[in-house]
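These notes concern the structure reproduced below.
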Amino acid sequence: MNAPFTQPSFRDSVDRMFTQAASLMDLAPGLEEKIRVCNSTYVVRFGVRLRGEIHTFTGYRSVHSEHHEPVKGGIRYSLGVNQDEVEALAALMSYKCALVELPFGGSKGGLTVDPRAWEPNELEQITRRFTYELSRRRLISPSQNVPAPDMGTGEREMAWMADAYKRLHPEDINARASVTGKPLRLGGIAGRVEATGRGVQYALREVFRTPEVLERAGLSGSLEGQRVVVQGLGNVGFHAAKFLSTEDGAKIIAVAERDGAVMNPDGLNIADLQSHMHATGGVKDFPGASFEADSVKALELDCDILIPAAMEGVIHAGNADRIHARLVVEAANGPITAEGDEILRQRGTVILPDLYANAGGVTVSYFEWVKNLQQISFGRLERRQEEARHALLVEELERLSAHTGLGWTLSEGFKQKYLRGADELELVRSGLDDTMRTAFQQMATVQAEDSRVPDLRTAAYIVAIRRIATSYGALGL
């Protein structure tokens, strides 16, 4: 009788991937262990009186590395939250921030609560009390620990947390920077909601600019016409699928969700599918698509690009050999276990690792944090000056044309685009695009220059570990 299949914990997978990369490096004695372990994890249990009785909730905030401060990482609301998961996510945040060169250490938080089980006013009470518990231990602070949204949380919860922190620290002029992912009118930044999905798009664009990586994946051409399967149509999956299909011409041939998967080889309309989900609560009965009740089967479809954008551990030793995608993009945190990663790598599948592929969220969170500290929106000082300088050039070109009798004019479409100064959203997207391009090329260079580096994940860890080690060395460790 075969032994039952057991998956390693999320934390075990992260540690194994870290250790594989560290084994290829020449780290000072003891430094590998110092970088690997979480510095601290705070567990809190607090009560809130709701519906006539006291309900007790368990919350976590883990700090993985303080080689830079503040530390950064989201807070998720889910009944599945546990210490192992939070510590694994905190470690990933350290490596992710180091990879994309953000001045943050890694942290992560969670609350064991089903946000759908409580009314908004009740969830607000829970969130404000959790914020109080974190604030007492300096686990929320613009200078020490900055949370952000994650699974089960969003702009609303971040607004509550920021307001609760401000009430506890009315003297802190930088209170808005205590949390990122806030609504735009409460100190947020344009482009934050779309950021992780937009980062996935920019990551894929960089892959398709890099012939050697495309060749390893068995792909060619551009993103146009590439067959894409997306697992999870939450914030990240929706925006990635929307941008890839409407802006790059990719075909989203399947979307997997909680109630099943919908498929159409000619491509799904993502905006219509989202509207259908909002109206019905699931993807079933979406017009013009076939339905499969077992959503996991969508992961096994023959496709060019697979984007797991939901939960960790969905590709593992039990199903990795049935994955037929040529390129897997980890839009979620830890969707591939260490065993699944090894199976896919041996089969020649190219994987864009989570610490790179989903770094768009924390990158734009960094921009928001900087905006809050500066107390001014991006582009406000220079936009009109930029427009005036462009107008001078256009006027001079048109004057020269008239003076010399050339008779040419600039097209109106060009003039409108050129004369308009960049707004905050354009600047945020530009900064994110630059970040994703630079990080990808650094990973690709490490892999190209060292034959021992088997894949982009190992290369990403090497880049990140090297930077964290350098920071600790500068601190005297």
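The values are calculated or read from the model by the stated rules, or taken from the named source; none is laboratory data. Small disclaimer: the values here were computed from a predicted structure and weren't measured. Don't worry about glycine lacking a Cβ; one is built from the backbone with ideal geometry, like all the others, and counts go over all protein chains shown.
Scanning the range 137-183 for residues that are more than 17 Å from the chain's Cα centre (by Cα) and among the basic types (Lys, Arg), we see that the one that is surrounded by the fewest Cβ atoms within 10 Å (Cβ to Cβ) is 138. Just one of the numbered conditions (1) outside any helix (DSSP H, G or I); (2) touching a helix residue (DSSP H, G or I) at 6+ places or on another chain (Cβ under 8 Å); (3) of a type in the set (S, T, N, Q) is not true of residue 451: (2).
The residues of the range 245-261 that are of a type outside the set (D, E, K, R) and either out of contact with any strand residue (DSSP E or B) (no Cβ under 6 Å at 6 or more places or on another chain) or at pLDDT below 95 (or both), listed by number, are 246, 249. Apart from one condition, residue 126 fits all of (1) surrounded by fewer than 22 Cβ atoms within 10 Å (Cβ to Cβ); (2) under 27 Å from residue 53 (Cα atoms); the exception is (1).
The residue list 466, 452, 457 contains one member that is exposed (fewer than 12 other Cβ atoms within 10 Å of the Cβ), under 28 Å from residue 344 (Cα atoms) and in contact (Cβ under 8 Å) with a residue 60 or more places away in the chain, which is 452.
Considering the range 358-392, and only residues there that are touching a Ser or Thr at 6+ places or on another chain (Cβ under 9 Å) and among the small types (Gly, Ala, Ser), the residue that is surrounded by the most Cβ atoms within 10 Å (Cβ to Cβ) turns out to be 360. Screening residue 65 with (1) surrounded by 15 or more Cβ atoms within 10 Å (Cβ to Cβ); (2) among the hydroxyl-bearing types (Ser, Thr, Tyr); (3) closer than 19 Å to residue 128 by Cα gives one miss only, at (3).
State yes or no: is residue 402 out of contact with any Gly (no Cβ under 8 Å at 6 or more places or on another chain), at negative phi, buried (at least 16 other Cβ atoms within 10 Å of the Cβ) and among the small types (Gly, Ala, Ser)? No; evaluated as a whole, the condition is false for this residue.
The combined condition, being crowded, with 23+ Cβ neighbours inside 10 Å, more than 19 Å from residue 234 (Cα to Cα) and assigned by TED's automatic domain parsing to the domain that holds residue 244, is fulfilled by residue 327. Listed here are the strands (runs of 3 or more DSSP E) enclosed by the range 1-90 that have at least 1 residues being over 23 Å from the mean Cα position of the chain (by Cα) and free of Cβ contacts under 8 Å to residues at least 24 places away in the same chain: 40-50, 53-65.
Is there a residue in the range 163-178 that is modelled with pLDDT under 95 and not in a helix (DSSP H, G or I)? For the range 163-178, residues modelled with pLDDT under 95 and not in a helix (DSSP H, G or I): absent. For the range 160-176, the criterion of being hydrophobic (A, V, I, L, M, F, W, C) and within 28 Å of residue 469 (Cα to Cα) is satisfied by no residue at all. For the range 295-315, a residue qualifies if it is in contact with a Gly (Cβ under 7 Å, 6 or more places away or on another chain) and modelled with pLDDT under 95, and the qualifying residues are 295, 310, 312, 313. Scan the range 277-290 and tell me whether some residue there is buried (at least 20 other Cβ atoms within 10 Å of the Cβ) and at positive phi. Checking the range 277-290: not a single residue is buried (at least 20 other Cβ atoms within 10 Å of the Cβ) and at positive phi. The residue pairs whose first member lies in the range 245-261 and is assigned by TED's automatic domain parsing to the domain that holds residue 296, whose second member is among the aromatic types (Phe, Trp, Tyr), and whose beta carbons are closer than 7 Å, counting only pairs six or more residues apart or on different chains, are 260/291. Being of a type in the set (S, T, N, Q), surrounded by fewer than 20 Cβ atoms within 10 Å (Cβ to Cβ) and in a helix (DSSP H, G or I) is a property that holds for residue 416.
One line per residue, one yes/no per condition, for (1) in a helix (DSSP H, G or I); (2) touching a Cys at 6+ places or on another chain (Cβ under 7 Å); (3) without any contact (Cβ under 8 Å) to a residue 40 or more places away in the chain; (4) among the charged types (D, E, K, R):
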position	(1), (2), (3), (4)
214	yes, no, yes, no
221	no, no, yes, no
236	yes, no, no, no
242	yes, no, no, yes
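Applying the condition of being within 14 Å of residue 310 (Cβ to Cβ) and buried (at least 21 other Cβ atoms within 10 Å of the Cβ) to the range 240-259 and asking which residue is nearest to the chain's Cα centre (by Cα) yields 240.
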